[in-house]
Every structure is written in C-alpha cells, then in structure tokens.
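What follows is a single structure, written as structure tokens, with notes after it.
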Amino acid sequence: MTEIDIRDAVATDIPPLHRLIESAYRGEASRAGWTTEADLLDGQRTDPEDLADILADPKQALLSAWRGDEPVGCVLIAERDRAIGYFGMLSVSPTLQGGGLGRRLVEAAHAALADRFGARRVRISVFPQRKTLIAWYERLGYRLTGETLPFPYGNPRFGLPRRDDLHFVVMERALD
C-alpha cells in the first residue's frame with residue numbers, strides 16, 4: 001500500500017469523506033469489507049451537515065487518512081467528561097479493510113484524545129450484533145462496561161433500522 005497520511009479533516013474534505021463513510025457502513029459497497037452495518041440499517045450513516053458540525057466543534061475532530069488525494073479512512077474523536085474521550089465513525093475503505101489501517105486510525109485517535117483533550121480513558125459504542133467487531137476491539141484492549149445506550153429510532157439522520165432490537169453496548173479502555 002502506498003504511504004498513508006493521517007491528518008485532521010478540513011471543510012473541503014467533507015464531500016469525499018462523506019462518500020467514504022457511507023461506503024464503509026451502508027449499501028452493497030460496504031459488503032466488500034467486514035465492518036458493514038448493511039444488515040442492520042439502510043439509509044445514511046451520516047450527512048455532510050453532521051460532518052461540518054463536527055469540524056466546527058472545538059471538542060471534536062475528524063482524523064482522516066489519505067493515500068495521495070484519495071481518502072481511505074477516518075475516525076471521529078471527541079472530548080467527554082472527567083478525562084474520558086470518545087471515538088466513533090471509524091471508517092476504512094471496504095477494499096482496504098483487514099490491512100491494518102483501522103488499527104492505525106484507532107492508535108491515532110488514542111494519541112489525539114490524550115494530547116488534545118487530556119483523556120486518560122476512551123469509550124466507544126458498538127451494536128451488540130456485531131460480535132466480530134466487538135472481538136476486534138477486545139483485542140485492542142477494550143472491555144464491555146455493562147452499559148447500553150439506546151438507538152435513536154425515528155431519526156432517519158442515523159439510518160433506517162432493519163430490525164427493532166437495535167441499541168449500543170459501551171466499551172472502554174485506559175489510554176497508555
């Protein structure tokens with residue numbers, strides 16, 4: 001793989017990053033990778049307005065991975081309460097999944113959460129139906145907390161549920 005540059009996203013990156021995120025989570029294109037949510041949700045994963053809101057918020061950022069002029073991955077980072085950071089929307093181009101870029105983005109997210117927000121712990125939320133993804137996060141040191149979060153049914157901005165049992169499990173790990 002050609003050299004990958006990880007940097008903060010800027011407003012002009014929104015259109016190609018939006019396409020990347022949608023391809024990683026939704027529709028037939030997402031099935032080329034192993035992190036698809038296409039069996040759980042239809043519709044969108046995010047929209048350009050949401051990405052613009054993230055970039056405008058000093059308590060959030062979108063780290064993006066580029067191979068030349070092509071976005072190949074990204075991850076949202078955010079500050080939370082009491083030295084706790086959060087990351088989400090981890091996206092890797094479906095045809096590149098399994099090659100280590102997701103792990104690199106997680107490591108970059110951990111470093112940025114500690115450096116920018118003083119985070120000592122990081123939390124994520126995952127659909128419990130995604131057992132393979134949960135196992136991957138466990139290999140990265142995350143543990144289930146026993147906490148759950150509701151899925152925002154009725155808000156198509158987060159997708160169109162294909163089932164009525166969606167919610168999130170919370171995972172957490174200490175930052176080194």
Check your understanding: at pLDDT 95 or above and among the small types (Gly, Ala, Ser), is that true of ALA38?
Key -> no
Study note, to complete from the structure: If we keep only residues of segment 20-48 that are without any contact (Cβ under 8 Å) to a residue 24 or more places away in the chain and surrounded by 14 or more Cβ atoms within 10 Å (Cβ to Cβ), then the residue nearest to the chain's Cα centre (by Cα) is ALA38
Revision key, fill the gap. Restricting attention to segment 122-154, the residues that are open to solvent by 60 Å² or more (accessible area, probe 1.4 Å), at negative phi, without any contact (Cβ under 8 Å) to a residue 60 or more places away in the chain and not basic (Lys, Arg) number exactly 7
Check your understanding: What number goes with the only condition from (1) more than 17 Å from SER125 (Cα to Cα); (2) surrounded by fewer than 18 Cβ atoms within 10 Å (Cβ to Cβ); (3) polar (S, T, N, Q) that GLN60 does not pass?
Key -> (1)
Check your understanding: When residues of segment 155-165 are filtered for being assigned to a loop (DSSP other than H, G, I, E, B) and either open to solvent by less than 50 Å² (accessible area, probe 1.4 Å) or among the charged types (D, E, K, R) (or both), how many remain?
Key -> 5
Review point. Restricting to segment 65-95, what's the tally of residues that are open to solvent by 60 Å² or more (accessible area, probe 1.4 Å) and closer than 19 Å to ALA29 by Cα?
Key: 2
Check your understanding: Within segment 96-113, is there a residue that is in contact (Cβ under 8 Å) with a residue 60 or more places away in the chain, surrounded by 20 or more Cβ atoms within 10 Å (Cβ to Cβ), under 16 Å from the mean Cα position of the chain (by Cα) and assigned to a strand (DSSP E or B)?
Key -> no
Review point. Condition test on ALA119, is it in a helix (DSSP H, G or I) and either of a type outside the set (S, T, N, Q) or under 17 Å from THR36 (Cβ atoms) (or both)?
Key: no
Check your understanding: Is it the case that some residue within segment 166-174 is surrounded by fewer than 16 Cβ atoms within 10 Å (Cβ to Cβ), out of contact with any strand residue (DSSP E or B) (no Cβ under 6 Å at 6 or more places or on another chain) and touching a residue at least 12 places away in the same chain (Cβ under 8 Å)?
Key -> no
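The values are calculated or read from the model by the stated rules, or taken from the named source; none is laboratory data. Computed from a predicted model, the values in this text were never measured in an experiment. Glycine also receives a Cβ, built like all others from the backbone with ideal geometry; neighbour counts cover every protein chain displayed. The protein model used for the area step is the full one, side chains on, heavy atoms only, and it has no ligands, DNA or RNA in it. Shrake-Rupley method; radii C 1.70, N 1.55, O 1.52, S 1.80 Å.
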